[in-house]
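Written out below as structure tokens is the structure these notes cover.
The values are calculated or read from the model by the stated rules, or taken from the named source; none is laboratory data. Note that this is a predicted model, so its numbers are computed, not measured. Backbone-built Cβ (ideal geometry, glycine too); neighbour counts: all protein chains shown. Surface areas here come from the heavy atoms of the whole protein model, side chains and all, with no ligands, DNA or RNA. Shrake-Rupley method; radii C 1.70, N 1.55, O 1.52, S 1.80 Å.
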Amino acid sequence: MKKGYLYIAVATVLFSTMEIAIKLTGGIFNPIQITFLRFALGGLCLLPLVIKKMQKTTQKLTAKGTATKK
């Protein structure tokens, strides 16, 4: 239960830093670029965890994006 609260707190802090990041860049980056980078990096960080979980549950990720049972 406490672990869940920790994850929520970390996610809140990380998502709240976007406004600060936009201010610190001084207008060099478009806010859409920063949002794209944030979600792309987040997806790349989660990808190994998802692959590991899918291997444990005998699911296979296909090119169409659908998970099928092996």
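For the stretch 8-19, give me each residue that is open to solvent by 100 Å² or more (accessible area, probe 1.4 Å) and at pLDDT below 85.
Leu14, Phe15, Glu19
Residue under question is Ile28, and the condition is that it be modelled with pLDDT of 80 or more and not in a helix (DSSP H, G or I); does it hold?
So Ile28 passes the test.
Looking at this structure, is Leu49 open to solvent by 100 Å² or more (accessible area, probe 1.4 Å), part of a helix (DSSP H, G or I) and free of Cβ contacts under 8 Å to residues at least 12 places away in the same chain?
yes
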